[in-house]
Each structure stands twice: as structure tokens, then as C-alpha cells.
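We did not get these values from a lab; they are worked out from the coordinates using the rules stated. These figures come from a predicted structure and were not determined experimentally. As a convention, Cβ positions derive from the backbone with ideal geometry for all residues, glycine included, and neighbour counts pool all protein chains shown.
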Amino acid sequence: MIKKSIALILIAILFVAIFFTLANDLPFGDNRTTTGVSDKYIYHGVNDTGASNLVTAIVVNYRGFDTLGEVTVLFVAATGVGAVLYNMGRPAGKKRKKTEASLIVRTGSRILFPMMLLFGAYIFVHGHLTPGGGFQGGAVIATAFLFKYVSDTRYHIDHNKFTATESVVGMTFALVGIMGLLLTGYFLFNFLPNGSPGELLSAGIIPIIYVAIGIKVGAELTGILDNMMEVEQ
Amino acid sequence: MVNIDPTLMIGIPLFMGFLIPSVAIVWKNSPRYLAGFTILFNLIASTLLLIRSLNAPVISVLGGWQPPYGIVFVAGPLGSMLALLISSMTMLTWFYLPPHIKEGNETKFYMLFILLMAGATGMVLTGDLFNLFVFTEITSIASFSLLAYSRGKDEKEAVEATIKYMIIGSLSSAFFLIGIALLYGATGTLNMADLASKIPSANHNLVMMALAMIITGLGIEAEMFPLNGWTPDAYTGATHPVSVMFASVVVKAGFFALIRVVFLIFGAATEALQILMIFGLLTLFVGESSALRQTDLKRMLAYSSIGQMGLLLVAFSLNNQTALVGGLYAMLNHAIAKGLLFMAAGSFIFALGTRDISALNGMGKRMPVTSALFTIGAFSIMGLPFFGGFISKIVIIAGSMQAGTEGMLVAILILSASLIELVYFLRVVHRIWMREPEDDSRLKEAPFTQMFPMIVLAAFVFLMGIYPQAFFKVLIPAAQELLRGLGTMIGGA
Amino acid sequence: MDYTAFIRPEYVLMLLFAGALITYFAGKYSSMARYSLSLLFSGLALLMVALLYGKNTLSVWTPSITPNGISMYVGTNPLTWFFAIILASLSFLTIMYSIPIMKGKRMENWFYTLTLLLMGSMLGVVFSSDLLSFFIFWEMMTLSSYLLVTLAGKRSDKAALNYMILSTMGAYSMLTGITMLYVHFGTTEFSLLSAQIPGTPVNFLWLSLGLVAVGFLVKSAALPFYVWAAPAYSEAPDGFTPLFSGALSKLGAYGLFLFMYVIVGMSALIGMGSFRGVSSFGYAIALLGSITAFIATLYAIREDDIKRLLAYSSVSQVGYILMGLGIGTSLSVAGSLYHALNHALFKTVLFMGAGAIIQLTGTRKMSEMGGLATRMPITFLTMLISIFSLAAIPMTSGFGSKWLIYEAAINKGFVFIAPLAFVASVGSFLYSFRLLQAVFLGQLPDGLKDAKDPSLLVTIPMIALTSITVLFAIVPGVPLGAIASAESYMGIQPIQVDSLFYFRIGNSFGAYNALVVMTILLFAMLVAMIMFAFAGSKSKKVDQHDTYLSGEIYEHHSDLGLHYAANFYRPIERMFEPYLRLRLERTYDAFGRGYELLSEGIRRVYSGDVQTYVYYVIGFLGMLIILAGWWW
Amino acid sequence: MIYYMAAAFLIAIGIYALMLKKNMIKMVIGLSLMDSGVNLLLISLGYINGGTAPILLNGVKPQEVVDPLPQALVLTNVVIGVSVTALALSVIIRVYKHYKTLNSDKVRDMKW
Amino acid sequence: MILTIAVAILILMMMVFAVYSVETKDLLYAVVGTMAVSLIVSILFYVLQAPDVAMAEAAIGAGISTAVFVIAIKKTERYEHD
């Protein structure tokens, strides 16, 4: 009983501390960016990077290294799940679960699967124009594959092809960064022309990177889902 | 002198990480050689970096955007020395790997291995607070997966240790992120140097709350007393090379991150230092006393490294140059000597099959070379003359004396803690050499490829004991860099 | 051309360390190589030390080990030479003595390497003339002596660990004191240090000197820290004990001499507060020394084990040295130095003899020995003279030094220390006589019929040391000359030594001419021998065993403790019985067990349950937040 | 203002689940709730009254745009959150294989 | 003004969902509760003018992590019993 009360007291302290420091020291919604770095992103973002979506400009260009780190995190997690669940999988070809998906789900998945892939591709191709980008597009692709897994009990992805695409795409991202370093002495420098904002082929290397991230995130999340689903019951 | 850009030390391992799986499909044992090549590259790059950074810190701007706006890599003498320590320890562990990772999926092990090194190097070199968070995440997720990697006999303990470490680790990343959010709210910037210049003028209440959050978050990585519940299980559960990586790479990077944040960003605020001092002493005593009662060899080494981290915390919180140099020297010595101890203990356990200390009777006769190396590591941690530990102890004590009368009390506490340390290490060393083994059949020593890293580490331990001047040439500018604070390093806003 | 110009102390040290290494590797192949090499190296070192007489050298050894480049100094001066010659000669003789004793024992090869290493580090401690190298050699000496004690196998585990813990605790408190001095004065070299001492605040001096003195009191087994001494001396391998208690125990005294008189200097010492003309710091040490002497004698009397008896006796003799050292007048310092020399001589002979006897009879219990005088004449003779010197029978050198110490104590009118010392010296007579009677006199037990003198390698060192004792008894001026020069180096008014003939020993209120008194004594001994020879036939053989078994048949081998030597001083013991129960060992063991229990409790903090760890983290954060809100 | 309340509540409920619930999956749920809370906190820091989404298309002027930097940070943190959760759950699957229970009290072989 | 009321109601629902998902014994319902919380948080992001993050939170927070939770529950136990 005392453990519960200690926990509740501590949680109350934490809640009060976080809420009140935020409430009275950081008034909600007032314009604090004048002192910080973000007004450079806002005022010079478009003509610096050519991307009209400022968030994408920051994610890929200004703080591109964070995204490189981010992709590494996901890559490590996928490898980690693979290493953790190694040789716990069921023998090939054995059905995943007894009950077959209903007819509607199976036909629906056959129709919707390509649509969802296309929609995911649309998201990360237009990363620098419309909201959304590599991560969101990749997640949509992963849900598409998940949908396929749910509907078809014997379907599972071909590991070699997925690992190949994953590493090819990952290497392009790293190569883009290294080429930036070779050409201009700055890692991940935007060496392609910015083009006119709003165009599809604008914003230099941002679309390339975001396409790479989109495919990579899609492949990795599907890999994680596949690893977990394949575990012997 | 070809100058390799520090960011390549993250770029190349990442590139190789992506390359290894696809090459592995074609050529079975390519991962070991590709990983070896990457680590070698990092080793050479960090040595060149250290030489370059001795006169002026090497600043590499990411993406071409000047510091407060873009991310920047700052390789001062301190950062590059630690990068060198990380890459050299990884290289040596790479030699030590083969027999211990047979059961699991080797390709994935090597990918995680080089990414762990990349994450730790990134943590040590980055000059941006959020980037530090991302690299901390990479390092901790890589260490989660490596910890859970072990198959075979003690798979059960490895898995239990992983789940404990993960829950506490993700708690630490959540608090660290809340701290970063508060700092961003208060100052509006994320670059460390910029933060250092803006924090004094920022809203005091916010900064203190952020400090509390960050100390908790990073304290978990740096094994401070109440927060290090996960540490003994993590060291004991991991396979032997992974615990070597833990002792000398993961914890050092976590500890260094805490020190950098407290010293550089908060400008060594007295409150933060007092907290570190008190909890450093607590960690020291809790670590040493619980090591006294252990019957499991690796768990004893785990508690002893908790104690040593407590010693580092105390040394750094004394905040004068001698104590800082002593702390850095102790950090180096601990990484090397503890790595050696874990490797030797690993060979013992690999040969004996059990982790029980009482099974070590008379190992001096059965595995003479490994026992000699174990004894050298133990003597260095104990701080006997002509070993690295001795010099770090003297310099730390001299540093604490300079901190006035309360420094005197700290010195006495440090010495009594190292007295406890002496007791339990002596008990093990005594058992190895002086006791008669039950069956004195000669146990097979590790082949030369695995003995080589241990011999190199032992040589380093001696070198640190006999000719420390070479190390001081690097450590003194590093300590000055920490004391002076990052603010003046790169012109902030 | 002065051949000895090129000999410098650091060559001696290098020679010994290199010798230790060579002996180890040579020893692996042939035992002959091991013995000859170790003898060669220690003999050479002894020769070089002897040739260093009267030299004042100081040489810098530059590879400094601290960030701001403190370099290490090694040098010699009369005080260090006096101790160095004792240490070197004892080590050489002990190595020679230990060859037959340690033959075939466990890890014999390690024994010689470690003894050479110990010799090197002891000489290093004595020759070093700056704080840092002093501490380094001190730690090496502690480590090598610990390893030597553990060579005796399973029995010596506990004793060795206690010894290592206590002496490391002393070494660490010394390190704290040394660092305080270094941080306060900025330098570690002794002469530079003593130049800056006069102006420093008194309580700083008290604290730093006190901390350093703790280290030396532990090494010389003074009152609160004597717990490790008896088990360590007795459990150590027989080959090592003479060096351990003969030479090693003097280093504590040397350290005190060095810090009290060479570094701090007499005037500053007095400035730290004086008590009836003697520095109160010195008085405290003298007090500790005399109480240790008294208590150790009490323990020595009750001992039946020969090595433990000698161990307690060396603890009490070192107490005398501390007493003389503490009082600090020219007479008492001369007495303490002289006693250090004598104690080194006779205690080493006694331990060598004990080693030989133990090897011969296989047992350490004195009640199982007896009547060895006839069988082992040389051992008997040498041990007899050493026992006389130990018991301070007039006209032996032991008497000379104790007499000087008493004169100084009485001269200063210390009403508590002097009587304590007298009672202690009576005690020392008692246990030395017990040793003599139990081991040598009485009838030979049947098991020891074939006892005979140990091999030549054992008897030569014993004879050499005893002849030196006899020589110093007759000609005290020789050692006193060296002591006078040491005293003047320490800034204390040296004791007058008759330059004409070295027989007089004494000062303002009393002296005796050693030669005249010695001749009278010899003449008296001669008369006694003749009377005994004539009346010898009437003396009756007395059986060693009481036979009051009221008619029971008594076989000799039953250990009913009926042997006279079994509880020799039972009446005296009964007198002190109640007080001896509160032995200090119990407090140390209690502390050790208490800490083990405490750490058992601390270990429970890691309960293994993830949730408790989360509680710790959140609790820590909550505490920080409360602190942040209210305190910052 | 109420966003801060929501964020703080989420963090609190996450820690509540972590501290008081024995089931490991419940703990991971608590962690992911806490993560969403932290993300909400970061985004509400960056909000500006009357600001629009940071996409400068069809005539949106830079002055009235919300602060884009926290959004970039949250983007990264969401992905980190999901990868840690995935790894944690796969480790829990292996824990279950060995210990046959999800109760964290029972998973305590390594203690003291 | 209506927006703030709607947001207040949303946050209230979120709180209810969060408490429910922590307290319920059936893990599947807990996971559904978490999905609901993350969906509402994604809507809040949208209201706070952060469309990118809203999509990410919806796709990843609600989609993938819920799937992972369900798979994990399928491989272990469904009901929490202490």
C-alpha cells in the first residue's frame, strides 16, 4: 500500500512541476522565436534550400545529420529485432494462423495494396512541397505490407530482396552525404541547384534523400513486422 | 597530414552498416572483415584527429550551415581523445570476438558492433544538444540489441538484463528529451556553445528544471547511484566482449555526455556540482561495498566499475584543473584496465564454464598467461605503484586537496573506498595464485588472436604507469577545454 | 682516485631491481643459479651501501609522474646511511640464512625474487629524499612484504590480508598527509620543504604530521595498530621472518625520524606545543611507545609458540625505539637509534635460531622442546648472547641503548613513561628467560635425540651478527660515532663520543668504561665456570615434567601440558588475566564483520526488480525537483 | 495552456503505468504514452497564436508561420519511440519464452 | 472559441482513454486505448498547425506501434494476471 502512495506522491510532484514551470515560464502561443534560431529557418528557409515545406527543409537540410542519425536508429532497431528474434521463426511455408481471412478482406487487400503503395510513394516524393515526407511515406508503405500480411496467411516478404533494397537505398543516402563532403568540404551539403520553389524537381538533394528515406523506412518497418510475425507460437 | 573530417567517422561506419547485409548474402564471412576495416578506418581517423586537435579544436560544420543554425562537430583534445579510446577499444574487442558470438546471427552482430562504435563516437564529438540525444539513442539501442544477443547457456540472464536496461534506458531518454525541450523553450537554440552563452540570461526557473531532468536522464547512462539499477545485470548478462564494450565504451560516452552538459552548458553551476559530488561519493561507496560481498566474478567486476564511475564523478565535480586531469586519467585507466579484466574474466569463464569466484582456485597454474594479465589489470585498478591507477589516484587526491578543507574529507573517503577495492581484488588475486586447484589439469589458453588484445591492454596499463607524461600532454589541454567552457570555442550566435 | 665516487644510491636500487628480475628467470632453470645470484646481488648491494659511508649525495630522477612535473630525488646522508647499512646487511644475511631453510618449500623461486625486490624497495624508502618517491617505495615495500607473507601457504592467508589492509590504511593516511604538504608548499623535495616549514600555521602542521605519523605507527606496530604484527611475523615463512621483524619494523621509526626532525625540524616541533621541554607531539609518540612496550610484553609472557613470543617481543622493543625517538633529547635519540641497531642484530639472530629449531623439531610449541643446548652448541651460544642483549643484561649492547633511553626519560622527569619502561624491561627479561629455559635447558625429549647444529649457511650469519653484538658491547664508540653524525644531520645536539678510545659511553651524569667492566665480567664468568665444573657431579638431573598425577601412569607423549615450559608464568598471567581479555583484536574483527554486514545490507539495494529501479529513478528526480524549486 | 495540461497528464499516466503495473507489456504501453506526452509538449512549445502550418505555398507569409524546429525534433522522436517499443516487445517475447510469465516480479533471477 | 471547447473535449476523452488503457486487465483493450490516445494526439498536432507530425503520429504512432503491440500480445499472454 505504501508503495502505491509513494508512487502517487512522486507522480503528483512530477505533474505539478512540469505543468507549472511550463504554464508560468513559457506562456502558450506567444512569439518566442525572435530570440532563437528558428526565425532564420522561417525567413530564409525557402530561398536557402528551395523547399517550401520548412519542416522538411530543417529535417533534411539544416539538421540533416539528425535525420541520418534517425535512419541509423531505425536501422539499428530493425537489426536488433532481427538479432533478438533470430532462429525463433517457424519453418518456411507453414501457415501463420488457422483461420483464413474472409473473402472481402482478401479481395480488398488485392485491390488496395497497390493503391496504398502508390499513396505512400506520393507522400515521400512530394515531401518538400506538401506536409509529410520520408518517414510518413515509409510508414504508409509498411501499413500496406501489414495489410497484405493480415489478409494472406502464407504470404511473407522475400528477405534477400528486402535487405538488398534496404542497403542500396541506405548507401545512396550515405553516398549523398559523402559526395557533399568531397565536393564542397561540408558533409551532407546541398550541391544540386535549388530550382524554383513549388516545383516538383526543386530543393536540390532533399527529394533524393526523402525518397531514399521513404523506401528505407518502409522496408525496415516491414522487416520488423515480418520478424515479429514469424516467431514460432 | 591528410585531414579526415570527423563526420566521416560516423559516415563510413554507417555506409558499411548498410553494405554488410547485402555483401553477406553473397560472401559468407565478409561481415567480420568489413567490420574490421571500418574500425581500422575509425582508429586511424581518430588518431589523426587527436594530433590535429591538440593545437586547435577541429570544427566540422554539417550541411554548410554555420553553428547555431546547423549541426556542428567539435573535436577538441578531449573529444578526439575519447574517440580514439572508443575506436581502439573496439578494435581490440574485435580481435577478442570470434569464440563468443558463435551461436547468434554473426552478420547482425557485426552491424550492431560498428554502429555502437559510431554512436559512441558521435556522442563524444557532436556539438549540438539534440544531436547528442539522437546519438545517445543510437548507442543505447545498439547496446540493448547487443546485450540481448547472447545465446547458449546464460541466455536467460541476458534477456532479463536487457528488459531491465531497456525500461530504464527509455525512461532516461524521455527525461533527457524533456530537458532539451525546456532548454529550447528557455533559449530558443540547440547548439551547445550558443546554449552556454544564452543560459545565464535565460529564465532561471526553467533552466534549473531542465538541469534536473538532464541530470536524471544522463545520470542513468553515467551509472549514478540511485539510477544504476540496470548496470550489474547488464554487465553480468552480456557476453564477454559485449561487457568489455560496456565497461570501456558505452558507459564512458554516457558519462562524458553528462559531464559535457553540466560543465559546458550549465557552466559548472555550483548546485549541479554539489549534486554530482554527493551522488558520486554514494555511487563510490555503494559500488565498492556491494562488490565486497559478491561470489560471481563478472558481477563483482560490474560493481567495481560502478564504484570507479563514482570516483570519476567525484573527481570531475571537484572542478579544479588537477582534479580534472586526475579524473580524465582515471577514466582512461579504468577503460583500459577494466576492459582487460573483463576479457581475462571472459577467458576464465569460457574455460571453466562457471562464473563462480571459488572455482578460480589455483588458476595461476592452469591458465598462467591469462591469470598474469588478470593480475596486471587488478593491480592497476587497485592503484599499486608503476600502474596507471596509482597515478590517477595521486593526482585526484592532490586535486581534492586543492579544494580546501571539504576536499580533505573527499580525499579520505576516496582512499577508504579504494581500501575496500583493494580487499576484494586481493581476495581474487590471492585465490588465483596462492590456492591449490582441485584438478590441476592444464586448461587451454585462448589462441593468440584473442590473447593479443589483452597483451596490448596490459602493455598500455604499464605504459600509463611508467611514462604518464605522454598522456598528460593530451589531458592537460583537454582539462583546460572543459574548465574554460565551450562558449569561447566557437563564436555562438 | 676515490673509487667510490661513482657509487650512488640509485645505482644500488637499479642493481637490486634488475637482480630481482634476473634471479626470477635464472631461478626457473636451476636452483643453484638462484641461490648464487641472489647472494651475489645482495652482497654487491651491501658492499655499495657500505662504501657510501659519509657521502651526502642528492640526484634528481627526472621522469616525473604528475601533471606539473614533480621530479623524484634520491640521495644519501648520515641518517639514511645508518638505516641503510642495517637493512642491507640484514637482507644479505637473511638471504644466506634462508637458503637451507626455504629449500623445497612452496614457490621457492618467488621467495628470492621478492626478497631482493623487498630489499630494493626498503633501501629505496631510505634513500629517497622527496615525498613522492618515498611513498612509491613505501607502497612497493608493503606489496612485496605482503606477497612474501602469503608464500607460507594456507595458514598465512588471514594474517597476510590483515597486514595488507592495515598497512595500506596507514599508507593512505600517509598519502593524505603528503599531499597536504605538497599542495600547501608546492614542492616535495625534503630540503626545500624543511626550509619553508618555520612560518606555517601550527594546526596545519599538527594535522599533516599526525596523518603521516599514523602511517609510520602502523608500520612500527604501535599501540592502536599492533594487531597485525604478531600473526604476520609468526605466520610469515621462516626464511622471511628475521628480515620482516628485524629490518622492516625499523622503517616506521626511520619515517618518524625523517618527518619529525629532518623535515619539520626540532624548533618547529617545539613550536607546535611543548610539554616540560619536550615537544608534545614527541611526547605523544613516546607515550604510545612505552604503552606498546608494556602491553606487548604482557602478551609475550603468555605465548607458548616460539615465533609468536619473539613477534610480541619485537613489538615491545620497537615500542622502546619509539619512546626514545619521541623524547627528542640528544641522549634519547642516540639511545633509540642505538636500540634500533641492537634490536635488528639480536632479534634477527633469535628468529634465525627459531627458524633452525623449527626446521629441526618440526614444531613451534616450546613445551615440546628442551635440552637442545648440548645438541646444538653454536645455536645455543649465539642465541644465549642475543637473549642477554634482548634482556638488557648489563654490559651487553642492549643494555647500553636501553640505559641511554632510561637516562633521558629520568633526566626529563617523566613520571609515567619511565616506570612503564622499567616494568616492560623486567617483562622482557622474563620472556627471554622462558625462551632460554624451555628450548635449551632441561632434558632432551626422546624425539630430538638426533638434533644437531643446522648447516653452515645458517650458522655463519648467526655467528656474524652475534660477534657484532659482542663487539658493540665492548666498543660502543663505533656505533655511537655513526649515531652522533646522524644526530647532527637531524639538527639535534650529538652525543659526545670519546674520540681517543671508544670505550666510554655516557654523558653529564654518568658513564661507564665498557672495556673495564667487560673484563671484570669475563673474569667473574670464568670463576663461575670453574666452580660449576667441580661441583657439576653433584647437580641432579631434574625431569622436565611434573608428575603429580597421583599414581596414574604417565606417558611422556600425552599433551597434558605437564611440561615445565607449558605455562611457565601462570601466576603472573593470572594477575593480568581480567585485563587481557579486552584484546584489541576483538575490536578490529568486530569492525570488519560490521562492515561486511553493512555491505550485505547495501547489496540488497539492487533488489533485481525493475519496478524498484524505476522507483529509485523517479524518486531521485522528485528529490531534484524539490531541490530545484526551493533551493536554487 | 490546456495542451500543457494534456502533455503533463500523459507523462504522468505513463510513469503511473510504469511504476504500478507489474505486467511488462503494460510498462511498454506506459513508455509509449510518455513518449506521446513528450512529443505533445514539444509541439505545444512551438505553437504561435494565430500561426499557420510552416508550408510557404500559395501566398503564406513567413511572419505568420508556426515555429518549425520542434516539429522536426518530434518527427525524429516519433520514429525513435516506435523503434524502441518494437525492440522492447521483441525482447519481451523472448522473456516470455524463458520465464513463461510477463510479471516483472517473477523476472528477478539476477539480484543483489 | 468553439475550437478550444472541442479541443478541451478531445483532451478529456484522451485522458479517459489513457486511464482506461492503463487500468484494464485485458491487454488488447489496453492497446486499443493507446491507439485512441495516439490518434487524439495526432488530431491535437493538426490543431497546433503541425501537419507533418500529425501524419507521422497517425501513421506510425497509431498504425505501426499498435500492430507491433498486437503481434507481441499474440505471441505472449492476453490477460494481465498478478
Over what distance in Å are the Cα centres of region C:589-632 and region C:470-493 separated? 61
Taking a ≥ b ≥ c as the square roots of the Cα gyration tensor eigenvalues, with a/c under 1.5 meaning rounded and otherwise prolate when a/b beats b/c, else oblate, which class fits region C:1-193? oblate
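Which helices, taking whole DSSP H runs in chain A, have alpha carbons extending 18 angstrom or more along the helix axis plus mean Kyte-Doolittle at least 0.0?
In chain A, the long hydrophobic H runs are A:2-25, A:64-84, A:103-125, A:134-151, A:159-184, A:206-229.
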Go through B:Val159, B:Pro68, B:Pro447 and say which Cα lies farthest out towards the positive end of the charge dipole of chain B; charges sit on Cβ, +1 for Lys and Arg, -1 for Asp and Glu. B:Pro447
Remind me, relative contact order of chain E in percent, using alpha carbon pairs under 8 angstrom and six or more residues apart? 30
Relative to chain B, whose Cα atoms define the longest principal axis, helix B:448-466 and its Cα axis are tilted in degrees, nearest 10, by 60
If each of C:Lys365 and E:Thr4 carries a label point 7 Å out from its Cα toward its Cβ, how far apart are those two points in nm? 9.8
Computed E for C:Gln437/C:Leu598 - FRET, C-beta separation, R0 45 angstrom, nearest 0.05: 0.40
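Using the structure shown, select from B:Lys164/E:Lys75; A:Lys4/D:Lys26; C:Lys307/C:Lys347; C:Lys103/C:Lys365 the pairs with a Cα to Cα distance greater than 18 angstrom.
Details: B:Lys164/E:Lys75 20 Å; A:Lys4/D:Lys26 16 Å; C:Lys307/C:Lys347 11 Å; C:Lys103/C:Lys365 22 Å.
Going by Cα-Cα distance, B:Lys164/E:Lys75; C:Lys103/C:Lys365 fall outside the 18 Å limit.
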Taking chain B as the reference, fit the longest principal axis to its C-alpha atoms, fit the long axis of helix B:30-55 to the helix C-alpha atoms, and give the angle between the two in degrees, 0 to 90, nearest 10. 50
Under 28 Å from the Cα of D:Lys61, which lysines turn up, not counting those fewer than eight places away in the same chain? A:Lys40
One computes Rg over Rh for chain B from alpha-carbon atoms, with the Kirkwood Rh, and obtains 0.95
Electrostatic dipole magnitude of chain E [Cβ: Lys, Arg +1; Asp, Glu -1; Cα centre; debye, to 20]: 160
In peptide D:49-62, what is the residue-averaged number of other protein chain Cβ atoms found within 10 Å of each Cβ? 6
With charges only on Cβ, +1 for K and R and -1 for D and E, what is the dipole size of chain C about its Cα centre, in debye, rounded to 20? 420
Quick one: P(r) of region B:205-280 from all Cα-Cα pairs, 10 Å bins, percents rounded to integers, in order of increasing distance. 19, 48, 24, 9, 1
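Just need the relative contact order of chain B here, percent rounded to a whole number, with Cα pairs under 8 Å and 6+ apart.
Working: 830 pairs, mean separation 78.4, N = 493.
It comes to 16 percent, rounded to a whole number.
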Just how far, in whole angstrom, is region C:339-417 from region B:356-421 if you go by their alpha carbon centroids? 40
Put +1 on the Cβ of every Lys and Arg and -1 on every Asp and Glu Cβ in the protein assembly as shown; which of B:Leu297, B:Met16, D:Gln63 then has its Cα farthest towards the positive end of the dipole? B:Leu297
Filter the DSSP H helices in chain C by two things, a Kyte-Doolittle mean of at least 1.0 and an axial alpha-carbon span of 27 angstrom or more, and list the hits by number. C:9-29, C:31-51, C:78-101, C:108-127, C:131-150, C:280-302, C:306-327, C:330-361, C:417-439, C:514-535, C:610-630
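So how many Å³ per residue does the convex hull of the Cα atoms of chain C work out to?
Normalising the Cα hull of chain C by residue number yields 226 Å³.
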For the protein assembly as shown, shape from the Cα gyration tensor axes a ≥ b ≥ c, cut at a/c of 1.5 then a/b versus b/c, turns out prolate
Row for region C:304-370, column shape: gyration tensor on C-alpha, a ≥ b ≥ c, rounded if a/c < 1.5 i.e. under 1.5, prolate if a/b over b/c, else oblate; value prolate
Kirkwood hydrodynamic radius of region D:2-99, from inverse mean 1/r over distinct Cα pairs, in Å: 15.3
Computed from every Cα-Cα pair in region B:328-432, P(r) in 10 Å bins starting at 0 and rounded to whole percents is 15, 41, 27, 13, 4, 0
Where the centroid of each part is defined by its Cα atoms, how far is region A:4-76 from region D:67-112 in Å? 23
Alpha-carbon Debye profile of region C:82-168, log10 I(q)/I(0) at 0.25 Å⁻¹: -1.25
Per the charge dipole of chain C (beta-carbon charges, Lys/Arg positive, Asp/Glu negative, Cα centre), the residue among C:Gly75, C:Ile327, C:Thr292 reaching farthest to the positive end is C:Thr292
Relative to the longest principal axis of the C-alpha atoms of chain E, give the angle of the C-alpha long axis of helix E:27-47, reported between 0 and 90° and rounded to the nearest 10°. 20
Within chain C, what's the longest run with no GluC sites (Glu not before Pro) in a DSSP loop and at most 11 other beta-carbon atoms within 10 Å? Give the range, please. C:1-551
Which value, to two decimals, describes the C-alpha radius of gyration of region B:406-449 once divided by 2.2 N^0.38 Å? 1.94
At 0.692 mPa s and 37 °C, plugging the Kirkwood radius over alpha-carbon pairs of chain A into Stokes-Einstein gives what diffusion coefficient in µm²/s? 158
MRE, 222 nm, helices only [DSSP H, n ≥ 4, -39500 (n - 2.57), over the protein assembly as shown, to nearest 500]: -23500 deg cm²/dmol
Once you compute Rg and the Kirkwood Rh from C-alpha atoms, what is the Rg to Rh ratio for region B:269-486? 1.01
For chain C, percent of DSSP beta bridges that are antiparallel (nearest 5) comes out at 100
Burial ranking of peptide ranges B:452-459, A:121-128 (average Cβ count within 10 Å, highest at the top): A:121-128, B:452-459
Let me know the charge dipole size of the protein assembly as shown about its Cα centre in debye, to the nearest 20, where only the beta-carbon of Lys, Arg (+1) and Asp, Glu (-1) is charged. 2500
Among the DSSP beta bridges whose two residues both lie in the protein assembly as shown, what percent are antiparallel, rounded to the nearest 5? 95
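Hey, what did chain A get for relative contact order, percent, Cα under 8 Å, at least 6 apart?
For chain A, the relative contact order is 27 percent.
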Quantify how strongly other chains surround peptide B:172-179 by giving the mean number of their Cβ atoms within 10 Å of each of its Cβ atoms. 6
